Amino acid sequence: MTGKERILTALALGQPDRVPVWEQAYNEPSIVGIARHFVAPENLPEPKFILDMTPEEVFRLLGGLIAFIKGLDLDGTTAISTAPRVRLDRDHVRDAFGIVYHIGGNVGEPYPVDGPIHEAADLSRYRMREPAEGDYTMLKVLLQALPEVAVAWHSPATFKIAWGLRGSMAQYLMDYLLEPDLAHALAELATDYCIRNITRALELGADFIILEGDLAHNPGPLMSPKHYCEFIQPYHARICAAAHRLGKKVVKHSDGNLTPLLPHLLDAGFDGIHPIQPQCMDIAETKQYLAGRACVLGNIDCAFLLPFGSEAEVEAAVKDTIAAAAPGGGYILSSSNSIHPGCKPENYLAMVRAARRWGTYPITGRAKLS
């Protein structure tokens, strides 16, 4: 089977010839660190944010990514939007939605700190951008360079876009109680954009959708299941239906303990759940619950194991995770979020090698839970 066939088989809840390996994202320094094992260092850019790179440096960065995807025979990868972002100062950037993010060093994900919708009256003056062809540059490059690899399109979803526009997650969650009409209007705006965005990506050839935006932290969901069902689920259902009409699958990403929301995510129509964070979810229990209903993606720990563990510890974790989640199919191995700059490149390579060693079907799993 090709990598694309493995990923699509697993997303369809089938059993491929081996456990597919895929990642939601690699940060720029991580791409450089891993690619150094496959290409000469002089052919790679210095590790820094992509918005600070020249076009030639971006070209070399993508070349490094493609080189290690081929070198490791990965089954899937992810394309992200290349929509414009503008640096405001050393610590802040503004994206094409008008959302301002704080950034720090080369580590971590930029975090929204201000948005264009400060009050309900701002909605009448705000014009949501349309997806532009330039947003899909990375997708087009990966599809052309990696025809046998499944390429996911990474898109922010309803909750992430809506609270970014509001400029504060806490403020947007308060809107559920204090300004429910505004909360729904923002969700509608975000969802309409998301559908246009993913539709174009799928038309261009993306193989599936990964919807980002955390709904939980380690103790549990960020909102009650009641509020998820009222303010998010109907919009998620519209997004899933739009992808399904084009014959494609949709995976929901969220860190944290999603267990209380799993029934509602299934009702929304998601075909996969990522990444089953090991600090707060058990992948064997989650696989048992989702089996036959949604694919499980994850959950090799990128908070402690991949940054600080030994290669032997990584292999042991991969072996145990495959035994827990892979039997019967419907499982894709990945980290528990992304390969961020804190992850040792050597541990990522060990993760992939271990998946190849222990992930050939048929797989004998743990004893079934009662």
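Computed values, structure above
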{"quantity": "Failed item in (1) among the acidic types (Asp, Glu); (2) closer than 14 Å to Leu165 by Cα; (3) in contact (Cβ under 8 Å) with a residue 12 or more places away in the chain, with Asp91 passing the rest", "calculated": "(2)"}
{"quantity": "Segment 302-315 residues that are without any contact (Cβ under 8 Å) to a residue 60 or more places away in the chain and among the aliphatic types (A, V, I, L, M), paired with ones that are in a loop (DSSP other than H, G, I, E, B) and surrounded by fewer than 15 Cβ atoms within 10 Å (Cβ to Cβ) (beta carbon under 7 Å, 6 or more apart)", "calculated": "Ala303/Gln279"}
{"quantity": "Test: residue in segment 208-218 that is assigned to a helix (DSSP H, G or I), in contact with a helix residue (DSSP H, G or I) (Cβ under 7 Å, 6 or more places away or on another chain) and either of a type in the set (Asp, Glu) or surrounded by fewer than 22 Cβ atoms within 10 Å (Cβ to Cβ) (or both)", "calculated": "no"}
{"quantity": "Number of positions in segment 243-264 that are in contact with a strand residue (DSSP E or B) (Cβ under 6 Å, 6 or more places away or on another chain) and not β-branched (Val, Ile, Thr)", "calculated": "11"}
{"quantity": "Residues that are among the basic types (Lys, Arg) and within 30 Å of Arg357 (Cα to Cα), drawn from segment 61-95", "calculated": "Lys70"}
{"quantity": "Verdict on Asp181 being surrounded by fewer than 16 Cβ atoms within 10 Å (Cβ to Cβ), more than 29 Å from Ala132 (Cβ to Cβ) and without any contact (Cβ under 8 Å) to a residue 40 or more places away in the chain", "calculated": "no"}
{"quantity": "Output for segment 135-180, where each listed residue is over 16 Å from Phe97 (Cα atoms) and in a strand (DSSP E or B)", "calculated": "Ala150, Val151, Ala152, Trp153, His154"}
{"quantity": "Test: residue in segment 34-50 that is surrounded by 19 or more Cβ atoms within 10 Å (Cβ to Cβ) and assigned to a helix (DSSP H, G or I)", "calculated": "yes"}
{"quantity": "Index of the failed condition, Met128 passing every other in (1) in a helix (DSSP H, G or I); (2) in contact with a helix residue (DSSP H, G or I) (Cβ under 6 Å, 6 or more places away or on another chain); (3) surrounded by fewer than 20 Cβ atoms within 10 Å (Cβ to Cβ)", "calculated": "(1)"}
{"quantity": "Residue satisfying all of: in segment 226-237; in a helix (DSSP H, G or I) and within 19 Å of the chain's Cα centre (by Cα); surrounded by the fewest Cβ atoms within 10 Å (Cβ to Cβ) among these", "calculated": "Ala237"}
{"quantity": "Segment 9-29, residues that are out of contact with any helix residue (DSSP H, G or I) (no Cβ under 7 Å at 6 or more places or on another chain), assigned to a helix (DSSP H, G or I) and under 15 Å from Thr78 (Cβ atoms)", "calculated": "Leu11"}
{"quantity": "Residue list for segment 54-66, filter: part of a helix (DSSP H, G or I), out of contact with any helix residue (DSSP H, G or I) (no Cβ under 8 Å at 6 or more places or on another chain) and not aromatic (Phe, Trp, Tyr)", "calculated": "Pro55, Glu56, Glu57"}
{"quantity": "Number of positions in segment 243-268 that are out of contact with any His (no Cβ under 6 Å at 6 or more places or on another chain), surrounded by 21 or more Cβ atoms within 10 Å (Cβ to Cβ) and of a type in the set (A, V, I, L, M, F, W, C)", "calculated": "5"}
{"quantity": "Residue list for segment 67-88, restricted to those being more than 28 Å from Leu189 (Cβ to Cβ) and either charged (D, E, K, R) or assigned to a strand (DSSP E or B) (or both)", "calculated": "Lys70, Asp73, Asp75, Gly76, Thr77"}
{"quantity": "In segment 97-117, the residues that are crowded, with 16+ Cβ neighbours inside 10 Å, among the aliphatic types (A, V, I, L, M) and modelled with pLDDT under 95", "calculated": "Ile103"}
{"quantity": "Condition broken by Pro307, with the remaining ones in (1) modelled with pLDDT of 95 or more; (2) surrounded by 15 or more Cβ atoms within 10 Å (Cβ to Cβ) satisfied", "calculated": "(2)"}
{"quantity": "Where a residue in segment 206-227 is more than 14 Å from Phe159 (Cα to Cα) and its partner, wherever it lies, is at pLDDT 95 or above and of a type in the set (Asp, Glu), with Cβ under 8 Å and at least six apart", "calculated": "Phe208/Asp271; His217/Asp255"}
{"quantity": "Output for segment 132-178, where each listed residue is touching a residue at least 24 places away in the same chain (Cβ under 8 Å), hydroxyl-bearing (Ser, Thr, Tyr) and surrounded by 21 or more Cβ atoms within 10 Å (Cβ to Cβ)", "calculated": "Tyr136, Ser155, Thr158"}
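The values are calculated or read from the model by the stated rules, or taken from the named source; none is laboratory data. If you're wondering where the values come from, they're calculated on a predicted model, not measured in any experiment. Cβ: placed from backbone, ideal geometry, glycine included. Neighbour counts: every protein chain shown.
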